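Input: a single structure, listed below in structure tokens.
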Amino acid sequence: MTDTPDFIEDRYGIDIAADTSAMNATIEGLLRRRVCRNFADKEIDDGLLNLLLACAQSAPTKSNLQQYSIIAVRDQDTRQKIADLVPSMPWMADAPVFLVFLGDVRRIRRLADSHDHDYANNNADTFMNACVDAALAMQMFIVAAESAGLGCCPISYVRNRIDDFAELLSLPDGVFPIAGLPVGWPAAPGYVSMRLPQNVVVHRERYDDANMVSNVTDYDDRNHDRFPLSAGKQRHTDKYGVLEKCTWSENVARQLSLPERPGFAVFLKSKGINLD
Ligand SMILES: Cc1cc2nc3c(=O)[nH]c(=O)nc-3n(C[C@H](O)[C@H](O)[C@H](O)COP(=O)(O)O)c2cc1C
């Protein structure tokens, strides 16, 4: 493993036989990326924000339909109200900018109307395309922001209080939140979290998960050695208790053993989104 740069070792905990002769600043930045949940008390210039938003809009988008919108919230009172919706994440209010990435199928519906055409695509495929568009735009923003020294953290927890969140931001029919994104200058460096090995995630030539469980067990061990999960990070301890060794796979199984956001489909329906 002597030739493996530290940041690849940090990402996997094992050698991945990567050809690092192609390494450049973009690739290194991607390999080093991590969320930021600790923000300094420092503003972000409008000009820098506009530049990063242009990067977000440079993301690929299905048929160039551009079925997403972004709300940039700077107002401290609104940011505090958003943070108050998620009491377990009070640091959200510390970031000087809170972006909200939205799927937006409203714009084209309105344009169809203004061009006097039928709109015949209120369906699951359109919903999926809008989600992907918004997610890619968010990720392009994140990469650009991190390269400029900023830190970000996607927040899907805003969907736990989706009706309040939608009302706070005046979301109309056809517009739904994908994630929030507090953006600010990091007050601490954070850390690279370890990912599943490629033999679990990357399938060669055809799908094959025959060795998945044992490969994940190895990952669990590596991950536990580096980042043992404290009691506070173990999910649903009231139901399952605290474990000395709570592995990644145990914790994700715990997390998804109870329904998360069961009201989301109802919300989408209330906004005129059809998932058939
Ligand atoms: C769609 C999405 C939603 C997320 N929602 C939250 C959230 O609500 N709160 C939070 O603290 N982190 C959230 N995260 C951040 C993840 O927890 C984080 O990406 C993951 O733990 C891996 O860490 P890393 O990004 O530093 O590698 C979210 C990430 C994504 C992509």
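The values are calculated or read from the model by the stated rules, or taken from the named source; none is laboratory data. Everything numeric here is computed off the predicted structure, so don't read it as measured data. Neighbour counts run over all protein chains shown; Cβ positions are idealised from the backbone, glycine included.
If I filter segment 189-227 down to residues being in contact with a Lys or Arg (Cβ under 8 Å, 6 or more places away or on another chain) and closer than 16 Å to VAL252 by Cβ, which single residue comes out as farthest from the ligand (Cβ to nearest atom)?
HIS224
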Among (1) touching a residue at least 40 places away in the same chain (Cβ under 8 Å); (2) away from the ligand (no atom under 16 Å from the Cβ); (3) part of a helix (DSSP H, G or I); (4) farther than 15 Å from GLU146 by Cβ, the one test that ASP10 misses
(2)
Candidate set: segment 77-106, residues that are part of a helix (DSSP H, G or I) and buried (at least 22 other Cβ atoms within 10 Å of the Cβ); chosen: the one modelled with the highest pLDDT
ILE82
Residue that is farthest from the ligand (Cβ to nearest atom) [pool: residues in segment 155-188 that are among the charged types (D, E, K, R) and assigned to a helix (DSSP H, G or I)]
GLU167
Failed criterion for ARG195 (all others in (1) under 16 Å from the mean Cα position of the chain (by Cα); (2) outside any loop (DSSP other than H, G, I, E, B) hold)
(2)
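Identify, from the list ALA22, ALA18, the residue that is within 30 Å of VAL202 (Cβ to Cβ), without any contact (Cβ under 8 Å) to a residue 60 or more places away in the chain, surrounded by 15 or more Cβ atoms within 10 Å (Cβ to Cβ) and away from the ligand (no atom under 16 Å from the Cβ).
ALA18
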